[in-house]
Each structure stands twice: as C-alpha cells, then as structure tokens.
C-alpha cells in the first residue's frame, strides 16, 4: 500500500532550513499586511450566491431517497440544526473570504456539536473534535469561522441575549488564540502528545467562571461516558432470533436493507468478502490480528446525525465467541468528496475513506483503534467502533455559564488540532496578543448567523410550498 503525503507535509521536508520560533512568529505577523485581522469581520452574500435549497437538493442526489425527508425534517427544527446540515453551503460562502495563507488540516465541519468525549486506546476519556467527514487541508480560518458562527446560532437558540452570545464567541476565540500561543512554545513532540483528558478538563475549568459547577459537570459527564461501552450497547441494539444474534430493526432509523445486505443469513458474498479484506488491510497488523478474532453476524442501516442523514451508514455486529459475551459494533460510514474540495483542491488520497481516516489521525490526539477504510458497491466508506465511551454535550440544554465553558473548551481543542498539522508559531504571530482577530470573528459570526437564519427560513418556505418533503420528530 502506497503512502501519499499531504500538501502541508510535502512543503516541510527534512531538507528544510531550521528557523526559530521568533522568526516563524514574525513571518505570521507579516501576513497581516496581506489579510489584516480586522478584514475577517466582513461578509456579505455574493450577488450570484446559489439558492441554498438547490445546493441541498444537489447533495441529495447521491443519498438514499427514502431518508432525504428525515434530513430535511431534522434541518428544519432550528437555524442551528440547519447549520449542522449545511457545511457545503458555508464552504461555498467562505471560498472568497480573506485568509492569511497559512494552511492546516481542517475538520471542515467544526461546529459545536462535532466535539465530544471518547475513549483513548489506553481507556482514558479524551475530549476532541469527533467528526471528519469533510476533513481536508485548507485555510485554518475556515474552521474557526464555522465554530464561531455555531456559537452565535446555539446561543440564540438557547435564548441568550445578543451581548451574551457575542461574549461567548469572544471567549471561544480568546481560548483559541491563547492556547495557540502556548502550543507555539511547545516542542513538536510535546504538542503531538498533548491531549485534553478528564484531569486536563478539570484543570482548565479551574480558571473558568463558575468553576465548581463546571468541574462537577465534567465529573458527571465522564461517569456517563464511561458506561457507554460495547457491553452496555449490545442489549440495546441486538436480540436473539431463532437462536442467532441479530441487530434490532427500529425503522426508519435502524433497518436491514438490500443494497448492502441482500441476505441477512449470508455474509459470504464475494463483494462482502472483498469489502472485509480491504478494510482489514487498511488496519495496522496488530489491529488486524485482534479484529480477526471476531466474526460478523449481522449488518443494518443506522441513520445518524443531521448532515449525514441519507448517506449510507451501517452498523456491523461482530462476536468474539458463541457465548455472546464479547460483542463489537463497527460503524461503516459513506465517505464522499469533502465539501471543501471545489475550493482547495482534491484530496491527495485516492480513497475518500482514507482521506477521512488520515485526517482524523492528524487532528485527534488519539483515534479509534479500528479506524480504517473500505469500498462496497463502488462507494467509499470508513469504519470505526460504535459508541466506545462516546459522549456529546447537548448544547441546547446548557445554561449560559456551562455554555461559555463548553465553547472555551472547543476553542482550545480546535487550536490544538490545527497546531498538530500547521505551524502554531506562525498562526500565533498572525493572531497576536490583543483581541483584534477575536472581535472580527465575532462580527463575522453574527452576520453569518443572520444569513443562516435566512437560509433556514427558505427551507421552511420550501417545505410549506411542497418543494421538498420533511419528516419531523424522527
């Protein structure tokens, strides 16, 4: 299997001359002449901006038609829900925005609900970015702007005042900027090893407003997450039918379907075998030895998220023995070209699942041990464990103090993810010590949130007019 380097790593080879942190910081500062920090405040819709509903309809052409109405139904619930499902629209809108020229590996969809906790291979609870369907190398500012606008939209949804929502964005950006300053001073290996575990989150909370409540929340969330294991999930998702374990049908969100699984009693088709072989060979040898001790017994479609609804997402039930006490669920998720690709160029990886996997390894402090890629029916997928101590905060349920603490955590986490694949000294030099960039991004976030509300209203109008069908409460 050949290895392909990303543009960011190609340009920083071992033959590159060494420069000091001060020189790299000065180089970042010099980029302000090209793109002043205050310039990030400006945004207005392009006069030729496409109808947002037409962009959604275009994306739906490759999705499972029976599920598209569920996608529209979930996006119709609020402007924040619409935002979660419209990364392609924002990618189009950001394409002409000012950028410093510094590249990083991007999440591509860095909104508040795409952060969360999960278990590291050492079974520590880690907080990190947790969605990489759109990952690609590009301008780091794009991730920052997507995160910031989501803060405003979530704040409005929660009923905060305009001033409170803006302060939350400024706090998020401050944490991004100040943590990037810290990462700029760290040795490269120390930065790579850095992670936010429970202890780190508790320590961070010590400097936050309402720290005692926040620390209690961290402890409570970590206890909940520690119980979300494959053993706890097994009886919820599986049952015995005629003496054999099967995934429970819970239509329309979990169901068996023909395109992936023509015969629920036979996982020995040539195409299935080829898929399994490709997935196994995408794993490191030691992981392959481990997972080959399990046997697949069933597979079913499982609808997830908002933006992913309608893409082909499945769960596979594997057992490590006939006793049924060693279950494993692998999620298979379709991987299409990143929504960023039209604006930053194609991925250097020939397989879209590989693009997702490599991007995730680059940005996360720790990644799932069974993260791999595969092809089925001519479509690209990636695979990972389902619910391995995974836990996401419901931002809609947070009061202002908890919300502010959460967005600060997300800001620091995104800074660490960017610092791993970019030059934190350059980004920090560009950002500087004052809040000029923070204020500009807050201005942008407010204006773009207004645009998202207009786009959401357009979706509601399209539903009323019968242009699109929406299935709600699913």
Filter pass, residue 367 being under 22 Å from the mean Cα position of the chain (by Cα), within 29 Å of residue 220 (Cβ to Cβ) and free of Cβ contacts under 8 Å to residues at least 24 places away in the same chain: yes
Filtering the range 128-150 for residues that are under 11 Å from the mean Cα position of the chain (by Cα) and part of a strand (DSSP E or B) leaves a count of 2
Taking the range 151-190 and keeping only residues that are assigned to a loop (DSSP other than H, G, I, E, B) and more than 21 Å from residue 428 (Cα to Cα), one is left with 158, 159, 160, 161
From the options 346, 335, residue that is surrounded by fewer than 19 Cβ atoms within 10 Å (Cβ to Cβ) and within 21 Å of residue 89 (Cβ to Cβ): 346
What number of residues within the range 307-332 satisfy the criterion of being under 23 Å from residue 68 (Cα atoms) and surrounded by fewer than 21 Cβ atoms within 10 Å (Cβ to Cβ)? 3
When you go through (1) within 24 Å of the chain's Cα centre (by Cα); (2) modelled with pLDDT of 95 or more one by one for residue 433, which number turns out not to apply? (1)
Is the range 160-167 home to any residue that is crowded, with 23+ Cβ neighbours inside 10 Å, in contact with a helix residue (DSSP H, G or I) (Cβ under 9 Å, 6 or more places away or on another chain) and over 23 Å from residue 369 (Cα atoms)? yes
Would a scan of the range 29-47 turn up a residue that is touching a helix residue (DSSP H, G or I) at 6+ places or on another chain (Cβ under 8 Å), at pLDDT below 95 and within 22 Å of residue 345 (Cα to Cα)? yes
Identify all residues within the range 77-107 that are touching a strand residue (DSSP E or B) at 6+ places or on another chain (Cβ under 6 Å) and assigned to a loop (DSSP other than H, G, I, E, B); write none if there are none. 99, 107
Give the range 120-146 a look and list any residue that's at pLDDT 95 or above and more than 19 Å from residue 308 (Cβ to Cβ), or say none. 137, 138, 139, 140, 141, 142, 144, 145
I'm told residue 353 meets every condition in (1) over 22 Å from residue 62 (Cα atoms); (2) crowded, with 21+ Cβ neighbours inside 10 Å; (3) touching a strand residue (DSSP E or B) at 6+ places or on another chain (Cβ under 7 Å) except one. Can you identify the failing condition by its number? (1)
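Residue by residue, here is whether (1) surrounded by 16 or more Cβ atoms within 10 Å (Cβ to Cβ); (2) free of Cβ contacts under 8 Å to residues at least 24 places away in the same chain; (3) outside the structural domain of residue 412 (by TED's automatic domain parsing) holds:
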residue: 218; (1), (2), (3): yes, yes, no
residue: 221; (1), (2), (3): yes, no, no
residue: 235; (1), (2), (3): no, yes, yes
residue: 246; (1), (2), (3): yes, no, yes
Any chance residue 161 is out of contact with any strand residue (DSSP E or B) (no Cβ under 9 Å at 6 or more places or on another chain) and free of Cβ contacts under 8 Å to residues at least 24 places away in the same chain: yes
Among the residues of the range 200-251, count how many are in contact with a strand residue (DSSP E or B) (Cβ under 9 Å, 6 or more places away or on another chain), assigned to a loop (DSSP other than H, G, I, E, B) and more than 25 Å from residue 119 (Cβ to Cβ). 1
Give the residues of the range 270-294 that are in contact with a strand residue (DSSP E or B) (Cβ under 6 Å, 6 or more places away or on another chain) and under 28 Å from residue 241 (Cβ atoms), sorted by residue number. 275, 279, 294
For the range 96-105, check the following and say yes or no: at least one residue is within 12 Å of the chain's Cα centre (by Cα) and surrounded by 22 or more Cβ atoms within 10 Å (Cβ to Cβ). no
Kindly indicate whether residue 23 is without any contact (Cβ under 8 Å) to a residue 12 or more places away in the chain, surrounded by fewer than 22 Cβ atoms within 10 Å (Cβ to Cβ) and in a loop (DSSP other than H, G, I, E, B). no
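The values are calculated or read from the model by the stated rules, or taken from the named source; none is laboratory data. The shown structure was predicted, so the numbers you read here are calculated from the model rather than taken from an experiment. All Cβ positions, even for glycine, are placed from backbone atoms using ideal geometry, and neighbour counts span all protein chains on display.
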